[in-house]
Each structure stands twice: as structure tokens, then as C-alpha cells.
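Presented below is the structure to which this report refers.
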Amino acid sequence: MKTAVDAFIERNRLLEQGQTVLIAVSGGPDSMALLHYFKTIREPWGLSLIAASVDHGLRGAASIEDLTYVKEVCKQWNIDFVGTSVDVPTYKKQYNLNTQEAARILRYQFFQEQMNKKRAGILALGHHGDDQAETMLMRLVRGTTPGGLTGIPVKRDFAGGKIIRPFLGVTKEEILAYCKEYHIHPREDLSNKDTKYTRNYFRHKILPLMKAENPKLNEHLWKLSQDLKEDEEYLQQQAEKLLEKVAVFEKDKKNISFSVSEFNTYPIALQRRAFHLILNYLYDGNSEDFSYIHEQQFFDFLTRDIANGKLDWPGGLWLQRNYGKITFHFNSSYKPASYRSELGIGDTYRLPDGSELSVKLTTCKNKEDKCTLTCDVTHVELPLIVRTRRPGDRMTWKGLNGSRKIKDIFIDQKVPKEARDSWPLITDQNGKILWLVGLKKSTVCSGGTSGEWLEINYSQPKEDR
Ligand SMILES: Nc1ncnc2c1ncn2[C@@H]1O[C@H](COP(=O)(O)OP(=O)(O)OP(=O)(O)O)[C@@H](O)[C@H]1O
């Protein structure tokens, strides 16, 4: 395995001579093998090594024991060590996050702090080829773009330096064999076996089935991710050239326009990427999951035989068609509006984008569509509340086992990031989410016998901007 990783590092230019490397070590097989591997290349590369370990305090005594174990091994191997214990439950509660998210944020905060303090240019992580395969399959199932299918990056910017993952080209099996060969005795994290986490479910249930069909699955997925990455880089460059030729920047570079007929002379693969490059430019790099629904709307707009037209998108963006020209207008001072208001019977609430929500009481459940929610009045605590999302918001609905994060519903429904912070949701006084407006209705609203119904109507703005 060592020679394969050596070659991987050279090929991907992951290291430079004399660098300071912070190695993230949990005590498990992947990161213990990583720590050992770095020990073997410390001299030839002239590296300064620091191991960093975070005790999430989530597995009782075992958590701190992992950290102590890593510290002990570092002493034996003559590697500097930094460690910390973080309070995941408090942080999780404070920011309404789930455990994994809270742990991840705190872990990366510590890494960032240490990289600055120790002037380390590199943070090395132990992700490997099986992690890569899981990530690609999870994204495939959730819905992704060719760019998303390139998987976990081998190298990316972080804290003024780089995150690198030297083990992405090797399998878990090879790592376990490496541990055996060098008498490394990693700690075992039993939560890695719990299939209630999506990743573990893919790892233990789905991947084995696929590997039984073809043991070379990892290799094939790796090849696919690399091919896609290379194709993507090339196509991105071509799309940039396309924009250089056709795009005209207006009004302090806040608006972009181009001639439809000129744009249409380019292949669709480049048009698609050019479209995303424009969004990325306008949103300052934060538009990565602007959805393919928007992409489709854009192409409909592009091919429609009209002289004038307008397409409104959330997040301060609108497109205008003026004969043969399309302009992307972007209001850069736009800030997603968060709001919260009580909504009693007979009330109407006007949302920042001009759409309205109104509540009335009826004796018959006469309407049920995307823009209307009816709910037995005895099932909810009044007045209702209309508000924007908060981190960790969850809801449940008929047929769903357990609950789902609002964030994930937005992802499932391809709602662009820019629209999520101002998207309305309705709760009752107890905080129970009844309706993610237009997207999901809660189980609470599916039955009832009192004969009195609350009817909440959502209506879109009548006037154009
Ligand atoms: N508590 C932690 N302290 C330090 N680094 C961590 C910690 N948890 C994860 N990492 C780093 O992130 C990488 C990926 O973490 P992940 O949880 O996906 O894998 P893992 O199965 O825990 O890996 P390992 O076999 O090293 O425990 C690890 O290999 C390690 O480099």
C-alpha cells in the first residue's frame, strides 16, 4: 500500500518539501494508518508532523480513551500531539443541530485553530476509497450533477492551507492489512456499525451487495470520478471561454447579458456549464446546488419563441428576455429575509416576496392542493406561526418512518440554497411543523373528525417586479 500512496501523493501533488502537516487522528484504523504512513515519509519529505485528536465525548469513557491512546502512540513515535475535548450536546442544543453535524463543526473548528496556531499548511485526513465509493453512490441516489459525482476531493483549500486525503486511492481492506503488517492496533468505534446513519447503511448494506456483483466496484467508481473530474475541468474551461466571447457585463458587473442566437451556436454541455458559471459569479461562489429545475426553466426560457419575457427566481435574481437578448439581473444587496409572525384565524400575512398566507375556519374540507393546507382545528394549538427555517428543524408526514430534516427536504426538492432561508413554514404554538409551504404537509393535518377545519391558503404575488 505504501508505494501506491507514495505515487498517489506525487501524482496529485499533495505535498511539498518541508511542510508542517496536521494529521487528524481519531484512533480508528484509517487515521492510525495515516499517522504511521506520515511517520515513514517524514524524513524524505522533511515534514514537521502534528497529530490532532478530538474527543467528542459521545461514547462515554471510550471517547477520551481514544484521545489518550493517540497521545500515547504519538509519544512512542515521536510525533507532536494536540488534543481537545468538545461539548457536542451543548453546542448541538445551542444551534439546534444534529449530533453528527455539531461534532463535525467543532472538530473542524479545532483543526482550523491548530493550523493557524502551528502555522501548518496541510491538514491530512484518513478518508479512503470506500468512503469515496459510498459518497458517490449516496449522491447518485440523492440526485446530483456530473460535478457532484466527482466525489470527495483529494485536495481542497482550508484555513489558509489545504486539506489533503492521501488514502483516497486505497481500499479499507488495504488499510486494515497495513495496520496488521505494521502492528498498529487501532481503537474500534462501534457507532461506525450503526446503520441508522445513512453512510453506515450504504457501507454495510448497499455496498456489499454491489461488491458481490463486482468486486472491482471501488476501482470503477474511482476511475469514473477521476474521468469526470478531468472532463469537468476541461468543459469548465471551455464554458469560461464561451462566456468570455458572448457575455457582456453591465451595471458595475452586476448584470450579465448575451445574445441568444450566439449562445445557441455552442453545444448544450457548454451552455449548461456557462449557465452555472454565471450563477456562481453572481452569487459569489455560493450557488453550487442551484437546481436542475432552474436549469430546465432557463433552457425553456432560452428556446421559447418570444420577444419579451421575464423569469423570476428567489434570491434577488431575475432573467429578462428582450428580443434576441437575455439578461441576468442580480440584486447584490439582497439578503435572505428571516421572519416570524403569529397567524390567527382570519389573518393574512404578506411574505417578503409579496406572496400571501391567509387562515380561515371552514366546516368542510373542500380544497386540497399544493397551495392549500387543511387541518382539523382540534389537532393544533392556535395561533399558528409563520416563520423561516431554523437549523435542525424537522418534520414528519404520512408514510415516513421517523422524521426528516427540513434542510434535506429542500435538497430532495431541489430548492436552491438562496431560497431556503426565506422559505415559509407553518407551525402551531407548540412548534410542531405543519406545512413546509408548497413542499410538504405534516401527518397532523391528514385526519380529524371535529368537523371544523383550518384552511391556510398560499397565494403568489400578482404583480411582476
Ligand atoms: N475525533 C476525531 N479526531 C480527529 N480526527 C478525526 C476525528 N474523527 C474523524 N477524524 C478524521 O476524519 C477522517 C474521516 O472520519 P470518518 O469519521 O469518516 O472516518 P473514521 O471511520 O472515523 O476513520 P478512522 O478509521 O480514522 O476512525 C478520519 O480518518 C480522521 O482523519
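List of remarks:
- Accessible area of region 2-213 divided out per residue, in Å², using a probe of 1.4 angstrom: 52
- q = 0.12, 0.16 Å⁻¹, region 2-213: log10 I(q)/I(0) [Debye, one scatterer per Cα]: -0.65, -1.23
- The chain: antiparallel DSSP beta bridges as a percent of all, rounded to 5: 75
- Between region 52-110 and region 387-418, the alpha-carbon center distance in angstrom: 29
- For region 30-164, share of DSSP beta bridges that run antiparallel, in % to the nearest 5: 30
- Close amide H partners of residue 124, meaning residues 5 or more places away or on another chain with modelled amide H under 5 Å apart, are 22, 23, 24, 164.
- The phi torsions of region 304-311, fed into the Karplus equation with coefficients 6.51, -1.76 and 1.60 and a -60° offset, translate into couplings of 5, 8, 10, 8, 9, x, 9, 10 Hz, rounded to whole numbers, with Gly and Pro shown as x.
- Among 460, 261, 280 the positive-end extreme of the charge dipole of the chain (Cβ point charges): 460
- Separation of the residue 182 and residue 371 label points, Cα + 7 Å toward Cβ, nm: 6.4
- The mean sequence separation of alpha-carbon pairs under 8 Å and at least six residues apart, normalised by the residue count of the chain, gives a relative contact order of 12 percent.
- About its Cα centre, the dipole of the chain is roughly 300 debye, where the only charges are +1 on Lys and Arg Cβ and -1 on Asp and Glu Cβ.
- Two-site label geometry, residue 322 and residue 193: point separation in nm, points 7 Å out along Cα→Cβ: 6.7
- Relative to the longest principal axis of the Cα atoms of the chain, helix 61-77 runs at roughly 40 degrees.
- FRET efficiency, residue 264 to residue 230 (Cβ-Cβ, R0 35 Å, nearest 0.05): 0.85
- Here the Karplus relation 6.51 cos²θ - 1.76 cosθ + 1.60, evaluated at θ = phi - 60°, turns the backbone of region 158-164 into coupling constants of 6, 6, x, x, 9, 9, 10 Hz, with x for every Gly and Pro.
- With Cα atoms, 0 to 90° folded angle of helix 29-45 axis to the chain main axis: 60
- For the chain, projected area of the alpha-carbon convex hull averaged over all directions, nm²: 26.6
- Mean separation of Cα contacts under 8 Å (6+ apart) over length of region 2-213, as relative contact order %: 24
- Reach of residue 75 by Cα under 22 Å, taken over lysines that are not fewer than 8 positions away in the same chain: 39, 117, 118, 180
- A straight chain from residue 432 to residue 345 at 0.36 nm per residue would run longer than the Cα-Cα distance by 29.6 nm.
- With every protein chain in place, the chain: carbon and sulfur % of accessible area (1.4 Å): 49
- Amide N of region 101-129 lying under 18 Å from the label point, which is placed 7 angstrom from the Cα of residue 210 along Cα→Cβ: 127-129
- Computed over region 334-457, Cα set: Rg, Dmax in Å: 13.9, 45
- Against the chain, whose longest principal axis comes from its Cα atoms, helix 99-117 is set at around 60 degrees.
- Applying Stokes-Einstein at 20 °C and 1.002 mPa s to the Kirkwood radius of region 59-159, computed over alpha-carbon pairs, gives a translational diffusion coefficient of 131 µm² s⁻¹.
- Think of it this way: in the chain, 74, 179, 364, 371 stand alone, with no other Cys Cβ under 4.7 Å.
The values are calculated or read from the model by the stated rules, or taken from the named source; none is laboratory data. All values derive from a computational prediction rather than experimental measurement. All Cβ positions, glycine included, derive from the backbone under ideal geometry; neighbour counts span all protein chains shown. Note: areas computed on protein heavy atoms with side chains; ligands, DNA, RNA excluded. Shrake-Rupley method; radii C 1.70, N 1.55, O 1.52, S 1.80 Å.
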